[in-house]
Every structure is written in C-alpha cells, then in structure tokens.
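The values are calculated or read from the model by the stated rules, or taken from the named source; none is laboratory data. Remember, predicted model here, so these are calculated numbers, not experimental data. Cβ atoms come from the backbone with ideal geometry, glycine included; neighbour counts cover every protein chain shown.
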C-alpha cells in the first residue's frame, strides 16, 4: 500500500510556506521584508513562465527520492541509522527560518543523540538571489580550512543582507587564512561541484529551497522521502518516527 509522506510541489510552495504556522510567528521586520520580496520575485518568475509556455504545469515532486552520497560535510555520527540531506540557499528567507526555528530542536533531539546524520548541500537560486552562488562557494572554501559550519552559520544568520563584501568580512571573522580563501574563490575551485549538485538535485525533482530528503542509507545511496519548505519541527519528527517504525518502507 502506498503511504503518502508530507510532499509539497514547488508550484504550491509559495502558499505552503506562507501558510505554515511557524512562519507567521516571531518574524522581525527584516525577515518579513525579505520573505515578501522573495514571494514577489518567485511570482514574477512564475508569471513569465506561464506567459511563455502554455504546457501543463510540471508534476509534483516524487514522494520517494534516491540520492547518491559522497564525501560531504555533516553533523552527527557517521553511522547514525537515519540521514537527512538539506538543500539550502544562503539568501533564502525560508532557509533562514528553518535554521533559526526548526533546526535547533532537530539537532537537540536527533543529531546530538546519534539518531540522525545531517548533511548540508548547496542549491543557489541565482535567478532571484544574486549572491547565493558566491555564498555557496565561500562555504566550500571555508570547508577546505575546516570552518564549513562556522561560516555557514554566519552567512545564514545574515542572509537578509548578504553582499560580496559581507561574505568576505564574515570569512575574515571566522579566522580563515584569507590568502587561501581568496585564491579558492577567485579560482572557482568548487564551482563545478556546486553546479553539478544542483543538476543532480533537479534530476530527482528537487527545485526549491529549503528541501530535505530523510531516510536510510543503502550502500552509497540515501533512500528517503522529500519534504519541501520551512516546516515546523513536528513535521520532521513525524516523518522520522514513521521511518523508524518501518512504516515508511511500505510500498
């Protein structure tokens, strides 16, 4: 029997995220303005697509997703029974919201207790976030100096006001070797892997941020379920418990 698990297609993402209760509470003026700007830009892109293409809307993202895993930055234990892969954009206000509200509880309850390994992948939406690709590159370059998570947190905290200058300033604040960092950035050391990662995500139906795949690892692959949007902690916990119980394996 097929079991439906919290999947929201990107075409409906605007409504889903805007209507999620956690997004309506405790917003600062800066966060609220960023979200409104985001929604306007996405709406404009969708309107352009509708005008230039009369084809039917794309189908919803698949419920089941299979991802190839490799050497990646992660939090938690390497042998944790479950894995979550995050696709994020450092100018995305919804990614910021997830990071500020849902992630701390997720980390406390599941990552720090050895139940979940958390992997973060880049998904820069260059069409609406002009500095997102540079931010993604900066995170990877910081990772070369073992400062991936430190710079990631700093960029996400400042997502509403990111500029190339601020990215460089935050990298300096993270005590990076700035000569090595700048050489990495100028040389586009990680550019191809970021773009290849976006293409691979698109190929399995991931096309917006934040998006998450939660499941179990088999060999070099993660077999899991897709969750789209800055959902509240209970939404993730419900899926995790369902997979833990074995219900998520039923077809």
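The condition (being at pLDDT below 95, farther than 27 Å from residue 128 by Cα and surrounded by 12 or more Cβ atoms within 10 Å (Cβ to Cβ)) is satisfied by just one residue among 229, 219, 248: 248.
Quick check on the stretch 201-210: of everything there that is assigned to a loop (DSSP other than H, G, I, E, B) and either in contact with a helix residue (DSSP H, G or I) (Cβ under 8 Å, 6 or more places away or on another chain) or free of Cβ contacts under 8 Å to residues at least 40 places away in the same chain (or both), which residue is surrounded by the fewest Cβ atoms within 10 Å (Cβ to Cβ)? Among those residues, the one meeting the criterion is 207.
Selection of the stretch 115-151 for residues being in contact (Cβ under 8 Å) with a residue 60 or more places away in the chain and either closer than 19 Å to residue 188 by Cα or crowded, with 19+ Cβ neighbours inside 10 Å (or both) yields 116, 121, 122, 123, 124, 125, 133, 143, 148.
Return the residues of the stretch 177-200 that are in a loop (DSSP other than H, G, I, E, B), in contact (Cβ under 8 Å) with a residue 12 or more places away in the chain and either in contact with a strand residue (DSSP E or B) (Cβ under 7 Å, 6 or more places away or on another chain) or farther than 14 Å from residue 121 by Cα (or both); say none if nothing qualifies. Hits for the stretch 177-200 are 177, 188, 189. Kindly evaluate residue 77 against the criterion of being buried (at least 20 other Cβ atoms within 10 Å of the Cβ), outside any helix (DSSP H, G or I), touching a helix residue (DSSP H, G or I) at 6+ places or on another chain (Cβ under 9 Å) and at pLDDT 60 or above. No: the conditions fail for residue 77. The residues of the stretch 164-176 that are more than 19 Å from residue 130 (Cβ to Cβ) and either modelled with pLDDT under 95 or assigned to a helix (DSSP H, G or I) (or both), listed by number, are 172, 173.
The numbered conditions (1) surrounded by 13 or more Cβ atoms within 10 Å (Cβ to Cβ); (2) closer than 19 Å to residue 104 by Cβ; (3) free of Cβ contacts under 8 Å to residues at least 12 places away in the same chain are all true for residue 234 except (1). For the residues 213, 217, the requirement of being more than 16 Å from the chain's Cα centre (by Cα), assigned to a strand (DSSP E or B) and either under 16 Å from residue 125 (Cα atoms) or touching a residue at least 24 places away in the same chain (Cβ under 8 Å) (or both) singles out 217. Among the residues of the stretch 156-169, are any under 28 Å from residue 224 (Cα atoms) and buried (at least 19 other Cβ atoms within 10 Å of the Cβ)? Within the stretch 156-169, one or more residues are under 28 Å from residue 224 (Cα atoms) and buried (at least 19 other Cβ atoms within 10 Å of the Cβ). For the structure I just gave you, tell me whether residue 192 is surrounded by 17 or more Cβ atoms within 10 Å (Cβ to Cβ) and within 30 Å of residue 226 (Cα to Cα). In short, no. As a summary of the residue check, residue 148 satisfies the conditions (1) farther than 20 Å from residue 211 by Cβ; (2) under 21 Å from the mean Cα position of the chain (by Cα) except for the one numbered (1). Please tell me if residue 230 is under 21 Å from residue 90 (Cβ atoms) and touching a strand residue (DSSP E or B) at 6+ places or on another chain (Cβ under 8 Å). Taking the combined requirement at face value, the residue does not satisfy it.
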